[in-house]
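Read-outs throughout are calculated quantities, based only on the coordinates presented, and are distinct from any laboratory measurement. As the structure is a computational prediction, the values presented were derived from the model and not from experiment. Cβ coordinates were reconstructed from backbone atoms using ideal geometry, including for glycine residues, and neighbour counts include every protein chain displayed.
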Amino acid sequence: MAVSVNEAVSTGPGRDHTPSTRRRGGRGRSVLEVALLTVLAVVMLFPVLWMIETSIKENRDVYAIPAKFFDFKVTLDHFKDVFAASGGGRSALSVSFLNSVVVAGVSTALATVLGVPAAWAYSRFSVKAKKDQLFFILSTRFMPPVVVVIPIFLMYRQLGLIDNKLGLILIYTAFNVPFTIWMMKGFVDEVPAEYEDAAMLDGYTRLQAFWKFTLPLLLPGIAATAVFALIFSWNEFVFAIFLTSSDSVRTAPPAIAGLIGGTTVDWGLVAAASVVFALPVLVFAYLVRKHLVAGVTLGAVRR
Amino acid sequence: MGTVAVHGLRKSFGKVQALDGVTLDVPDGSFFVVLGPSGAGKTTTLRAIAGLEKLDAGSVHLDGRDATGDTPAARDLAMVFQSYALYPRRTAYENIASPLRARRCSSSEIAAAVEQMSSLLHIERLLQRRPAQMSGGEMQRVALARALVRRPRAFLMDEPLTNLDLKLRVEMRTELTRIHRSLGGTFVYVTNDQVEALSMADQVAVLKEGKVQQVGTPTEVYERPANQWVAGFVGSPSISLLACHAEGDRLVGAEGWTLPRPRWTTAENGRPLLLGLRAEDLSVEQRGDASLPGELYGLEPLGDRTVVDVQVGTEMLKVKARPTFTGTPGERLHVTVDLDRAHLFDAGTGLALSETGR
């Protein structure tokens with residue numbers, strides 16, 4: 001009895017001590033760490049900060065020399081210009097943002113709908129020359145878009161897909177499906193096939209077993225994969241600039257790039273458009289951040 | 001309620017021949033154990049019965065009807081997986097209810113069936129928990145309940161006790177036998193644990209490298225192993241095998257010893273044989289003329305008995321002795337052999353010699 005009391009008393013403070021010493025050791029190290037990280041953060045974040053600052057400066061502050069870091073008047077005029085045309089009504093930029101939303105959203109949805117079942121099939125079934133097939137699928141991602149853009153341009157011209165949102169949706173889907181298959185295959189591999197076996201013995205069909213038992217476990221993986229696919233489609237520039245020309249079809253990246261050029265550049269408008277362009281991806285990634293890192297929750301299979 | 005028959009099952013995974021012509025006949029209502037070391041093809045056999053494995057050749061008959069091409073759902077079987085395979089996002093209740101939901105039972109039927117099962121397996125207090133909140137033994141019970149909640153043609157169990165600790169495993173052995181008696185039904189039970197096989201089975205099929213070595217009652221498999229491999233696999237400590245041949249009315253060992261020739265053997269003189277002796281049929285007390293000279297090599301005190309390793313020439317004998325037996329390594333002693341219970345195998349084929357005279 002006495003022994004157990006002693007143990008109970010002695011472990012208490014001991015347990016308290018260990019982390020605090022570790023923390024102290026960490027503090028000594030962290031001076032250098034913090035310094036280096038600060039330098040890195042400044043280098044990485046300065047362009048972003050400058051973009052945000054420019055977007056809320058009045059035009060004469062934008063062009064002021066020396067540059068004004070803090071001492072300027074805040075205005076939201078540039079953001080207004082992004083969405084509203086000077087003569088009233090919608091601006092060309094706002095149309096291109098809408099186009100981006102449609103193109104990125106639909107292509108991501110299509111890639112997910114096609115890629116997830118394919119990944120499941122590659123993970124669960126014995127497919128002839130599976131490795132070769134998977135490599136072939138991945139190899140379509142080896143090529144940078146600029147290499148294939150000319151042949152695709154010629155093909156699209158025949159098909160009437162030039163300057164057509166459907167054309168962009170198809171090409172982005174084609175690029176995102178391989179990525180989705182590869183990402184999702186990893187997630188499906190993590191979910192034991194025995195859940196589906198058990199479900200089939202319970203009396204479900206194979207597809208029901210996938211739909212009711214495996215798919216819910218894949219949702220975090222699907223969210224993570226979809227975010228990456230969405231970011232790819234949202235940011236894509238090369239295909240967008242080659243395959244579209246009119247303001248009504250153009251997505252945001254070429255539209256923003258189009259603002260630069262001519263005799264004068266309205267940097268305030270460019271910066272505001274860029275901020276608006278960056279925001280949705282940041283917000284979406286923030287919303288699914290838990291799923292991005294959580295991966296798949298594993299359940300009751302002992303291994 | 002259900003017979004299971006498989007015929008000539010063949011299945012290979014790449015270069016590995018997992019099943020090499022497995023034929024089994026499981027009678028209705030029996031507790032049928034498939035026993036073998038890991039890699040013998042036990043689980044593949046079970047999965048083939050369940051319809052989870054595509055076969056290279058062979059057929060599966062359920063209740064006399066060819067079910068080889070049927071989906072797992074159509075076969076009307078229930079299975080307990082070695083990993084339990086409980087659905088992680090669902091409570092124990094929902095796990096157990098799953099087979100009934102798949103078959104569109106009413107919720108009152110489901111509630112009644114789950115309640116009955118949970119009281120049979122003493123898991124009432126677990127019903128609202130998820131698998132992550134249960135211990136291995138608790139998950140095992142829930143997995144069992146999920147299988148037993150329906151009355152399928154047969155229950156398939158894939159090493160359900162392997163992941164439990166020893167005490168729980170012994171407990172569950174008794175429990176499963178009790179459940180089989182009270183529920184009835186055909187059980188096909190796969191294990192690599194010969195104690196499970198011998199203690200629970202009505203019939204045992206011993207499997208090795210995808211081939212059935214022997215099918216019989218536990219007593220038959222233990223007392224009359226069909227070949228040297230079965231004799232070695234079943235029984236603990238494992239059987240001791242000594243090279244010898246018959247010469248007139250004597251058995252002459254390769255190490256020079258002689259024993260009276262067992263009355264029942266018909267082996268011709270000079271044919272190379274293996275003499276199989278189980279530890280309990282040997283004794284370190286010298287009596288009669290059927291004894292082997294040897295040297296004490298080591299002792300394994302096991303509480304209720306001591307296993308004595310005796311070296312005979314270059315070969316080792318495991319002898320069961322009283323727990324109080326003591327000795328020093330190197331000590332010379334004689335091992336008395338109960339020849340009526342000895343086994344003889346052909347040294348070339350490994351097959352047991354006919355024991356018709358016994």
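Before moving on, here are some points about what is shown:
- Here is the list for the stretch B:31-60: trypsin sites (Lys or Arg not before Pro) lying in DSSP coil, each with at most 12 other C-beta atoms within 10 angstrom of its C-beta, are B:K54.
- Note on A:V147/A:L279: beta-carbon distance plugged into 1/(1 + (r/R0)^6) with R0 of 45 Å gives a FRET efficiency of 0.90.
- Number of partner chain Cβ atoms within 10 Å, mean per residue of B:147-153: 1
- Membrane-span-like helices in chain A (whole DSSP H runs, Cα extent of at least 24 Å along the helix axis, mean Kyte-Doolittle hydropathy of at least -1.0): A:2-55, A:92-124, A:165-190, A:215-235, A:267-287.
- By the rule of a C-alpha distance below 19 Å, with chain neighbours fewer than 8 residues away ignored, the lysines paired with A:K57 are A:K68, A:K73, A:K80.
- Considering only the protein assembly as shown, percent of DSSP beta bridges that pair antiparallel, nearest 5: 75
- Here B:K54 is the anchor, and the lysines within straight C-alpha reach of less than 20 Å, apart from those fewer than 8 places off in the same chain, are A:K128, A:K130, B:K11, B:K15, B:K42, B:K211.
- Here the Gaussian network model covers chain A, with springs between Cα atoms less than 10 Å apart; of A:L207, A:L36, A:L168, A:L36 fluctuates the most.
- Inter-centroid distance (Cα atoms) of the stretch B:244-295 relative to the stretch B:138-201, Å: 41
- The stretch B:232-346 gives an Rg/Rh value of 0.96, both radii derived from C-alpha positions and Rh following Kirkwood.
- Three-way shape call for the stretch B:286-327 based on the alpha-carbon gyration tensor, with the a/c threshold at 1.5: oblate
- Relative contact order (percent, whole number), the stretch B:20-73, Cα cutoff 8 Å, 6+ residue spacing: 23
- In chain A, Cα pairs under 8 Å separated by at least six residues give a relative contact order of 27 percent.
- Of the three principal axes defined by the Cα atoms of the protein assembly as shown, the extents in descending order read 119, 69, 55 Å.
- Note: relative contact order over the stretch B:232-346, using C-alpha pairs below 8 Å and six or more positions apart, is 29 percent.
- Estimated FRET transfer efficiency when R0 is 35 angstrom, pair B:H7-A:A109 (beta carbons, to 0.05): 0.10
- Against the compact-protein benchmark of 2.2 N^0.38 Å, the Cα-based radius of gyration of the stretch B:48-165 scales to 1.11.
- Translational D in µm²/s for the stretch B:1-111 (Stokes-Einstein at 4 °C, 1.567 mPa s, Kirkwood Rh from C-alpha pairs): 83
- As a ratio to 2.2 N^0.38 Å, the alpha-carbon radius of gyration for the stretch A:160-303 is 1.43.
- The stretch A:139-215 and the stretch B:76-98 have Cα centres separated by 31 Å.
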